[in-house]
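Participant: The structure under discussion is supplied below as structure tokens; questions concerning it will follow.
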Protein chains: 2
Amino acid sequence: MKVTVTIDRRPEIADPEGTTVKKALHELGFTDTVSVRMDRVIHLEIDSDDPVEVKARVEEMCKQLLANPVLEDFEVHVDA
Amino acid sequence: MKVTVTIDRRPEIADPEGTTVKKALHELGFTDTVSVRMDRVIHLEIDSDDPVEVKARVEEMCKQLLANPVLEDFEVHVDA
């Protein structure tokens, strides 16, 4: 089954990469850029037919490896 | 206006980060992981009321800075 995990930095946590990209956009003339936030998407393929089990397993992967629960929120979406 | 840019590595381009994460997941016991691909999402806020103009400007940002057109495909979605 295909699974999409979106990992977003929590709103209250600073995003230095986004700040740097915003500065670079302003220097390139894109001065109407108000804010930039960089997030991550992970596309996984899991060898299983049970969407409930797959969701639980991928949530466990997020907790153990894929996301940093102190800084980031994650959402697991089983596609098919 | 809020804009979401999704930047995906082209399917024919190797994804070393994804390969490393897959290996780590297998080592943690998630041996049913068939494939892992890491992509990027950028959330922008642009000071403009014209969605057509905003889309064109953000596409230009992607070409100049945000994406690597040799390795990556991007998609710009104006949210509101």
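Participant: Beyond a 32 Å Cα-Cα separation, which of these cross-linked pairs lie in this structure: A:LYS2/B:LYS63; A:LYS22/B:LYS23; A:LYS22/A:LYS63; A:LYS55/B:LYS63?
Facilitator: A:LYS22/B:LYS23; A:LYS55/B:LYS63
Participant: Computed on protein heavy atoms with a 1.4 Å probe, what is the summed buried accessible area for the chain pair B and A, in Å² to the nearest 100? Each step should come with its number before you reach the end.
Facilitator: On the way: alone 5870 and 5870 Å², together 9060 Å².
Approximately 2700 Å², summed over both chains.
Participant: Just counting partner chain Cβ atoms within 10 Å, what average do the residues of peptide A:43-50 show around their Cβ? Each step should come with its number before you reach the end.
Facilitator: On the way: counts 8, 11, 7, 7, 5, 2, 0, 0.
Per-residue shielding by partner chains comes out at 5.
Participant: To continue, here is another question. So what's the convex hull volume per residue for the Cα atoms of the range B:20-80, in Å³? Write down the numbers at each step before the final one.
Facilitator: Working: hull volume 7.4 nm³, N = 61.
Cα convex hull per residue, to the nearest whole number: 122 Å³.
Participant: Just to confirm the number: angle between the C-alpha axis of helix B:16-27 and the first principal axis of chain B, 0 to 90 degrees, nearest 10?
Facilitator: Approximately 40 degrees, to the nearest 10.
Participant: To test your reading of the geometry: what angle, between 0 and 90 degrees and rounded to tens, separates the Cα axis of helix A:51-61 from the longest principal axis of chain A?
Facilitator: 50 degrees
Participant: Considering the dipole of chain A built from charges on the beta carbon (Lys and Arg +1, Asp and Glu -1) around the Cα centre, which of A:HIS77, A:MET61, A:SER35 is farthest to its positive end?
Facilitator: A:SER35
Participant: Now a separate question. Can you work out the FRET efficiency for the pair B:HIS77 and A:HIS26, with r the C-beta to C-beta distance and R0 = 30 Å, to the nearest 0.05? If you can, show how the numbers build up before the last one.
Facilitator: On the way: r = 22 Å, r/R0 = 0.75.
My answer for the efficiency is 0.85.
Participant: Counting only protein heavy atoms, what percent of the accessible surface of chain B is carbon or sulfur at a 1.4 Å probe? Write down the numbers at each step before the final one.
Facilitator: Details: 2390 of 4530 Å².
Whole-percent figure for carbon plus sulfur exposure: 53.
Participant: Please work out which residue of chain B brings its Cβ closest to the axis of the rotation superposing B onto A, and round that distance to whole Å.
Facilitator: B:VAL41, 3
Participant: Also, I was wondering about something else. Pull out a ≥ b ≥ c, the square roots of the eigenvalues of the alpha-carbon gyration tensor of the protein assembly as shown, then state rounded if a/c is under 1.5, prolate if not and a/b is larger than b/c, and oblate in the remaining case.
Facilitator: Working: a/c = 2.17, a/b = 1.93, b/c = 1.13.
Verdict is prolate for the protein assembly as shown.
Participant: Accessible area per residue for the protein assembly as shown in Å², computed with a 1.4 Å probe and the full protein assembly in place, what is it?
Facilitator: 57 Å²
Participant: Given H placed 1.01 Å from N in the peptide plane, which residues other than close sequence neighbours of A:ASP39 have an amide H under 5 Å from its amide H?
Facilitator: Residues meeting the amide H criterion: B:VAL41, B:ILE42, B:HIS43.
The values are calculated or read from the model by the stated rules, or taken from the named source; none is laboratory data. Predicted model only: the values in this text are computed from it and were never measured. Here the Cβ is made from the backbone with ideal geometry for all residues, glycine too, and neighbour counts use every protein chain on show. For the accessible areas, the whole protein counts, side chains as well, though only heavy atoms, and no ligand, DNA or RNA atoms are used. Shrake-Rupley method; radii C 1.70, N 1.55, O 1.52, S 1.80 Å.
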